[in-house]
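First up is the structure itself, then whatever we jot down about it.
The values are calculated or read from the model by the stated rules, or taken from the named source; none is laboratory data. The structure presented is a predicted model; accordingly, all values stated were derived computationally and were not measured. So basically every Cβ, Gly included, is an ideal-geometry build from the backbone, and we count neighbours across all protein chains shown. All accessible areas refer to the heavy atoms of the entire protein, side chains included, with ligands and DNA or RNA removed. Shrake-Rupley method; radii C 1.70, N 1.55, O 1.52, S 1.80 Å.
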Amino acid sequence: MLKNRNAVITGSTSGIGLAYARALAAEGANVMINGFGDKDKIEAERSGIEKDFGVRCIYSPADMTKGDEIAAMIATAEKELGSVDILINNAGIQHVSPIDEFPVDKWNAIIAINLSSAFHTIRAALPGMKARGWGRIINTASAHALVASPFKSAYVSAKHGIAGLTKTVALEAAEKGVTVNAICPGYVWTPLVEAQIPDTMKARNMTEDEVKREVLLKAQPTKEFVTVEEVAAVAVFLCSDAAKSITGTLLPVDGGWTAQ
Ligand code: NAD
């Protein structure tokens with residue numbers, strides 16, 4: 001379905017981003033992966049995608065806090081792959097703390113990585129999409145783009161910001177064959193969720209099991225974590241021609257969380 005399409009996925013060395021990369025590659029798209037982590041593991045993921053799906057997969061180490069590195073990443077993808085037809089803004093971090101103790105550097109990093117990086121990628125990639133008359137921009141937002149939870153002020157602010165950016169760019173690109181949507185997952189079992197358990201245990205004085213049951217899955221009516229494959233399948237659908245009239249949406253994949 002996506003043969004001859006080229007995709008850039010930020011934050012795709014792990015979790016949901018890696019699942020997007022593999023799902024798009026499975027449909028025939030060439031992909032650029034990005035993110036941090038162990039060099040050898042990243043190379044194994046990169047070459048694994050090429051081997052498993054017979055597509056090109058290139059890696060960019062661009063830091064999503066740095067606008068110049070982001071612009072260079074999109075330019076490299078355009079040069080090496082030929083175009084950027086699909087852009088998935090997915091890089092994200094979390095920090096859990098009451099606002100009166102929230103570290104300023106964590107606030108700045110979360111706003112930069114979870115929100116401003118999408119501004120920089122879209123700004124660089126949209127002109128090519130408009131010129132070619134086809135594009136798909138997908139932002140990984142969160143249920144926290146629609147509702148809040150305590151102790152996550154920066155994350156909830158950034159994700160609500162991504163919701164606004166999604167709608168705005170959707171309107172700007174609507175007549176150019178470019179759709180812009182946000183996927184809003186509930187709790188997906190990834191390293192990001194696993195990593196916030198210790199801080200939540202501390203902030204709420206709870207055991208690990210209590211955090212999983214009474215905090216994470218409390219609001220998720222299915223009482224199950226969403227899987228990375230389920231989120232990636234929604235992105236593949238949004239890239240299809242059948243989804244060409246879907247734009248400017250915030251699409252929950254949250255086991256019913258935000259229906260409440
Ligand atoms: P993850 O920690 O597994 O992956 C995050 C990715 O972002 C990694 O590849 C990491 O290297 C990359 N990254 C972090 N900082 C970066 C930087 N400065 N520059 C470049 N890359 C950077 O997390 P995940 O759970 O897969 O999260 C992916 C996205 O999904 C995030 O935007 C997150 O907010 C969102 N999300 C996750 C959940 C969940 O429950 N896991 C729910 C809703 C939304």
Being of a type in the set (G, A, S), closer than 20 Å to M129 by Cα and loosely packed, with under 15 Cβ neighbours inside 10 Å, is that true of even one residue in the range 28-44? yes
Residue under question is T13, and the condition is that it be under 22 Å from V169 (Cβ atoms), in the same structural domain as R136 (by TED's automatic domain parsing) and either in a loop (DSSP other than H, G, I, E, B) or touching a residue at least 24 places away in the same chain (Cβ under 8 Å) (or both); does it hold? no
Among the residues of the range 188-208, write down those that are in contact (Cβ under 8 Å) with a residue 40 or more places away in the chain and closer than 20 Å to T227 by Cβ. V188, T190, P191, L192, A195, Q196
Tally the residues that are touching a residue at least 24 places away in the same chain (Cβ under 8 Å) and either outside any loop (DSSP other than H, G, I, E, B) or within 13 Å of the ligand (Cβ to nearest atom) (or both), restricting the search to the range 232-242. 7
Of all residues in the range 146-178, count the ones that are over 20 Å from P103 (Cβ atoms), in contact with a Lys or Arg (Cβ under 8 Å, 6 or more places away or on another chain) and assigned to a helix (DSSP H, G or I). 2
Please find, within the range 185-194, the residue that is surrounded by the most Cβ atoms within 10 Å (Cβ to Cβ) out of those that are assigned to a loop (DSSP other than H, G, I, E, B) and modelled with pLDDT under 95. Y187
Could you check the range 33-85 and list, in sequence order, the residues that are touching a residue at least 60 places away in the same chain (Cβ under 8 Å), of a type outside the set (A, V, I, L, M, F, W, C) and either touching a Gly at 6+ places or on another chain (Cβ under 8 Å) or part of a helix (DSSP H, G or I) (or both)? S83, D85
Regarding I197, is this residue at pLDDT 95 or above, open to solvent by less than 50 Å² (accessible area, probe 1.4 Å) and within 13 Å of the ligand (Cβ to nearest atom)? no
List the pairs whose first member sits in the range 161-184 and is modelled with pLDDT under 95, whose second member is surrounded by 23 or more Cβ atoms within 10 Å (Cβ to Cβ) and in a helix (DSSP H, G or I), and whose Cβ atoms are under 9 Å apart, counting only residues at least 6 apart or on separate chains? none
Could you please find all residues in the range 114-145 being assigned to a loop (DSSP other than H, G, I, E, B) and either among the β-branched types (V, I, T) or within 10 Å of the ligand (Cβ to nearest atom) (or both)? A141, S142
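For I111, indicate whether it is within 11 Å of the ligand (Cβ to nearest atom) and open to solvent by 30 Å² or more (accessible area, probe 1.4 Å). Give the derivation first.
Details: within 11 Å of the ligand (Cβ to nearest atom): no; open to solvent by 30 Å² or more (accessible area, probe 1.4 Å): yes.
No.
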Selection status of E229, within 16 Å of the ligand (Cβ to nearest atom), under 30 Å from G177 (Cα atoms) and within 21 Å of the chain's Cα centre (by Cα): yes
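Please verify whether E224 is surrounded by fewer than 14 Cβ atoms within 10 Å (Cβ to Cβ) and part of a helix (DSSP H, G or I), treating the condition exactly as stated. Break it down stepwise before answering.
Details: surrounded by fewer than 14 Cβ atoms within 10 Å (Cβ to Cβ): yes; part of a helix (DSSP H, G or I): no.
No: the conditions fail for E224.
In the range 219-226, is there at least one residue being touching a residue at least 40 places away in the same chain (Cβ under 8 Å) and under 21 Å from the mean Cα position of the chain (by Cα)?
Filtering the range 219-226 for residues touching a residue at least 40 places away in the same chain (Cβ under 8 Å) gives 219, 226.
Now drop any that are not under 21 Å from the mean Cα position of the chain (by Cα), which leaves 226.
Within the range 219-226, one or more residues are touching a residue at least 40 places away in the same chain (Cβ under 8 Å) and under 21 Å from the mean Cα position of the chain (by Cα).
Here is a check on your reading of the model: is K159 touching a Leu at 6+ places or on another chain (Cβ under 9 Å), among the charged types (D, E, K, R) and open to solvent by 20 Å² or more (accessible area, probe 1.4 Å)? Steps first, please.
Numbers: touching a Leu at 6+ places or on another chain (Cβ under 9 Å): yes; among the charged types (D, E, K, R): yes; open to solvent by 20 Å² or more (accessible area, probe 1.4 Å): no.
No.
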Unmet requirement for A148, which otherwise passes all of (1) of a type in the set (A, V, I, L, M, F, W, C); (2) open to solvent by less than 40 Å² (accessible area, probe 1.4 Å); (3) within 14 Å of the ligand (Cβ to nearest atom): (2)
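Out of curiosity, is I88 outside any helix (DSSP H, G or I) and of a type in the set (A, V, I, L, M, F, W, C)?
Yes.
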